[in-house]
Each structure stands twice: as C-alpha cells, then as structure tokens.
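K.L.:
So that we are looking at the same thing, I have put the structure below in structure tokens.
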Amino acid sequence: QVQFVESGGGLVQPGGSLRLSCGASGSMFSIYTMGWYRQAPGKQRELVALITSGYSTNYADSVKGRFTISRDNAKNTAYLQMKGLKPEDTAVYYCNAEPILFDWGQGTQVTVSS
C-alpha cells in the first residue's frame, strides 16, 4: 500500500501560480504512472494531468498549456506546477496512481479568487 501526502495549495488571485507537491511512501513509486486529480464542490473528481514511469505526460484540455506535471523518483515526489490560474481551477487537488490503485490522501485546497 502506498500513501500520499499532498501540499502546496492556498489562496491565489486569478492569473497567479502555485506548485503542488505529492509525497509518496514506499519503494515502488518509480514504477507507477502518477496522476493529479481535482474535485470541485458539487462535481466529480477528475484527472487533470498524468506522468508515466518514462516521463511521458498528458493533460486535460482545460489545463493544457498552463499546468506542468513532473516527478522526482529519488524523492518519491510528484509535482504540479500551475500557472495562469482561473477561478474554475478552484478545487481540492489529489494525487494517486493512474489507474487509481491506492487510498486517497487528504488533498490540498486550491482557491483562485480576487
């Protein structure tokens, strides 16, 4: 079982930036495709970005060109750099393997508001 701890969220104005981090326990982190997901109030959780073990990336259309996913296998950590944030990016952000294999962490709240 792998456990995730997300951090780095906060309140930011439209157009601002944040960098989220996802720390993972265990020794097998490097073999998993990792995804960043988000859940806005009243909406289903959605996948916004993923990175494979070979460092290939893919993004939801809504964040393409604004978000960048990366990983540091030596630190068992995945990152999500977010730029040009919009109010519709407001959500709790989570990380997990893709496909989802493990329990969800507590997530980190991102609020985009003026």
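K.L.:
Is at least one residue of region 89-96 modelled with pLDDT of 95 or more and part of a loop (DSSP other than H, G, I, E, B)?
P.N.:
Scanning region 89-96, I find at least one residue that is modelled with pLDDT of 95 or more and part of a loop (DSSP other than H, G, I, E, B), so the answer is yes.
K.L.:
Can you find even one residue in region 43-56 that is open to solvent by less than 40 Å² (accessible area, probe 1.4 Å) and under 17 Å from Asp103 (Cα atoms)?
P.N.:
no
K.L.:
Sticking with this structure for a sec: Can you tell me which residue is farthest from Ala91 (Cα to Cα) among those in region 1-17 that are open to solvent by less than 30 Å² (accessible area, probe 1.4 Å), assigned to a strand (DSSP E or B) and not aliphatic (A, V, I, L, M)? Talk me through it step by step, then tell me what you get.
P.N.:
Restricting attention to region 1-17, the residues satisfying the condition of being open to solvent by less than 30 Å² (accessible area, probe 1.4 Å) are 2, 4, 6, 10, 12, 16.
If we keep only those that are assigned to a strand (DSSP E or B) as well, we get 4, 6, 10, 12.
From the residues that got through so far, the ones that are not aliphatic (A, V, I, L, M) too are 4, 6, 10.
Numbers: Phe4: 18, Glu6: 13, Gly10: 10 Å.
Among residues in region 1-17 that are open to solvent by less than 30 Å² (accessible area, probe 1.4 Å), assigned to a strand (DSSP E or B) and not aliphatic (A, V, I, L, M), the one farthest from Ala91 (Cα to Cα) is Phe4.
Residue by residue, here is whether (1) of a type in the set (A, V, I, L, M); (2) modelled with pLDDT of 95 or more holds:
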{"site": "Gly35", "(1), (2)": "no, yes"}
{"site": "Ala40", "(1), (2)": "yes, yes"}
{"site": "Leu47", "(1), (2)": "yes, yes"}
{"site": "Leu50", "(1), (2)": "yes, yes"}
{"site": "Ala60", "(1), (2)": "yes, yes"}
{"site": "Arg66", "(1), (2)": "no, yes"}
{"site": "Asp72", "(1), (2)": "no, yes"}
{"site": "Met82", "(1), (2)": "yes, yes"}
{"site": "Leu101", "(1), (2)": "yes, no"}
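K.L.:
Hey, another quick one. Evaluate the following for Thr77: is it in contact (Cβ under 8 Å) with a residue 24 or more places away in the chain and open to solvent by less than 50 Å² (accessible area, probe 1.4 Å)? Please lay out each step first, then the result.
P.N.:
Working: in contact (Cβ under 8 Å) with a residue 24 or more places away in the chain: yes; open to solvent by less than 50 Å² (accessible area, probe 1.4 Å): yes.
For Thr77, the condition - in contact (Cβ under 8 Å) with a residue 24 or more places away in the chain and open to solvent by less than 50 Å² (accessible area, probe 1.4 Å) - is met.
K.L.:
List every residue pair whose Cβ atoms lie under 6 Å apart, where the two residues are 6 or more positions apart in sequence or sit on different chains, the first residue falls within region 92-114 and is open to solvent by less than 10 Å² (accessible area, probe 1.4 Å), and the second residue, located anywhere, is part of a strand (DSSP E or B) and basic (Lys, Arg).
P.N.:
From residues that are open to solvent by less than 10 Å² (accessible area, probe 1.4 Å), the pairs are Tyr93/Arg38.
The values are calculated or read from the model by the stated rules, or taken from the named source; none is laboratory data. All values derive from a computational prediction rather than experimental measurement. Virtual Cβ from ideal backbone geometry, glycine too; neighbours counted across all protein chains shown. Surface accessibility is based on the protein's heavy atoms, side chains included, excluding ligands, DNA and RNA. Shrake-Rupley method; radii C 1.70, N 1.55, O 1.52, S 1.80 Å.
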